[in-house]
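The values are calculated or read from the model by the stated rules, or taken from the named source; none is laboratory data. Predicted model only: the values in this text are computed from it and were never measured. For neighbour counting, all protein chains shown are included, and Cβ atoms are generated from backbone atoms with ideal geometry for every residue, glycine included. We work out accessible area using only protein heavy atoms, side chains counted, and drop any ligands, DNA or RNA first. Shrake-Rupley method; radii C 1.70, N 1.55, O 1.52, S 1.80 Å.
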Amino acid sequence: MAQGALILNGKALAKLLRRKIKEHIAKAVSDGNRPPGLGVILVGDNPASKSYVATKEKMARAVGMASEQISLPDSATQREVRDKIEELNAKSEIDGILLQLPLPQHLSADELLCCISPQKDSDGLHPLNQGRLMVGADGVRPCTPMGVMKLVDLAYSGAPLDEIKDIDEIKAADLAGKRSIVIGRSALVGKPVALMLLERNATVTIAHSKTADLPDRVSEADIVVSAVGRPFMIKGEWIKEGATVIDVGINRIESGALVGDVDFEAAKERAGAITPVPGGVGPMTVAMLLFNTFSNYRRNCLKNGGDGG
Ligand code: NDP
């Protein structure tokens, strides 16, 4: 029986990553370069989207980035949003463009994401970047899946987070011989996570709403990533002893509390390592947005190439 799981503190891990990015930006700016720039487009007045955008901009400024927000009304047309994206594509001081999703129903997110320059894609959702992941080429990777992988790396590093001083101490885990299951197959989370686990040599099962034997498949897995959006769907007794459990789901239940897809209290009795919700994958997603923006900046702007990040 596992002696209580290691709780994978995404908030603290994200802080380490932001600190690293901040150091690199401070160095680049002290070398005479402009700061990296993040352009954010918000359409409509969905309160959750407004609050996500405010957090992302605050974090961007805190690491030394310049940020520019373009707010459009709910009634904005596809053409108007596209024009704003083109404006940001043309601005040399912008390195990352974030189109906050979801968009109002009359707009096509797929078409608009294609308008973002792949070099300025900060979410890693441009089809070219998704294709690069598919073929194993370098490119901007999607934020949430990158956050998931960093949390898996933390679990496999075995080091207590409070002893880690530099995020680079956490090495990419080789998952050869490990069985993993990703529950959910969206282009945003499930599919890219599965590809990233595959890149690390894990043996990957992808489950979805038509999967017949989910409990059995989960119980075989050394790594469980759930990205469904159903509270407490993954039962504690399904979890293999010692497994790493990454819960991407964010669900608001009747009491008003935010919970994941996994029955955390029961699962942590069996898991070797597990993410809480909130405080697990969510903060890593935002930190990875900054990482992508900084990586674009380093590639597009820094003439001397910078170092790491
Ligand atoms: P989607 O709704 O796009 O995808 C959900 C997936 O879950 C689908 O593939 C669906 O299968 C599958 N599914 C639904 N019901 C079941 C079931 N009973 N058994 C197995 N699989 C099922 O969601 P997203 O991928 O966008 O997001 C998933 C969750 O992650 C949400 O809670 C979202 O809020 C959260 N999220 C969290 C982020 C973070 O930063 N922490 C970032 C992004 C998302 P099918 O394809 O067959 O319909």
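Take every pair of alpha-carbon atoms less than 8 Å apart whose residues are at least six positions apart; their mean separation over the length of the chain yields a relative contact order of 24 percent.
Under 5 Å from the amide H of L72 lie the amide H atoms of L42, V43, G44, each residue being 5 or more positions distant or on a separate chain, with H modelled from the backbone and absent for Pro and chain starts.
Rounded to the nearest whole Hz, the Karplus-based 3J(HN,Hα) values (6.51 cos²θ - 1.76 cosθ + 1.60, θ = phi - 60°) of segment 239-246 follow the sequence 6, 5, 3, x, 5, 8, 10, 10, with x at glycine and proline.
Taking the mean number of other Cβ atoms within 10 Å as a proxy for protection, how do you rank 191-199, 66-74 from highest to lowest?
Peptide ranking by packing, descending: 191-199, 66-74.
Put a dot 7 Å past the Cα of R61, heading toward its Cβ, do the same for S75, and the two dots end up 3.0 nm apart.
Accessible surface computed residue by residue for segment 140-265, with neighbouring protein chains in place and a 1.4 Å probe, gives 46 Å² per residue. Note on F264: accessible area is roughly 50 Å² with a 1.4 Å probe, heavy atoms of protein only. Per-residue SASA remark: H24, around 30 Å² accessible (1.4 Å probe; ligands, DNA and RNA not included). Classification of segment 1-159 by its C-alpha gyration tensor yields a prolate form. The axis ratio a/c (a ≥ b ≥ c) is 1.5 or more, and a/b outweighs b/c. Taking every DSSP helix (H) stretch of at least 4 residues in the chain, weighting each as -39,500 (n - 2.57) and dividing the sum by the residue count yields a mean residue ellipticity at 222 nm of -12000 deg cm²/dmol. Expressed as a whole percent, the accessible surface of the chain that belongs to carbon and sulfur atoms is 53, based on a 1.4 Å probe. For the chain, complete DSSP H runs whose alpha carbons reach 27 Å or more along their own long axis and whose mean Kyte-Doolittle score is -0.5 or higher are 10-30, 281-300.
Normalising by the residue count of segment 1-155, find the relative contact order in percent from Cα pairs under 8 Å and 6+ residues apart. It would help to have the intermediate numbers written out before the result.
On the way: 181 pairs, mean separation 33.3, N = 155.
Relative contact order for segment 1-155 comes out at 22 percent.
Using a probe of 1.4 Å on the protein chains alone, the accessible area found for E265 is around 110 Å².
Legend: residues R185, R299, sorted from most to least accessible area (1.4 Å probe; ligands, DNA and RNA excluded), read R299, R185.
A simple rule links phi to the HN-Hα coupling: the Karplus curve 6.51 cos²θ - 1.76 cosθ + 1.60 with θ = phi - 60°, which for segment 100-113 gives 5, 9, x, 9, x, 4, 6, 9, 9, 4, 4, 5, 5, 4 Hz, with x for Gly and Pro. Bridging of K50 to lysines at a Cα separation below 17 Å is possible for K58, once same-chain residues fewer than 8 apart are set aside.
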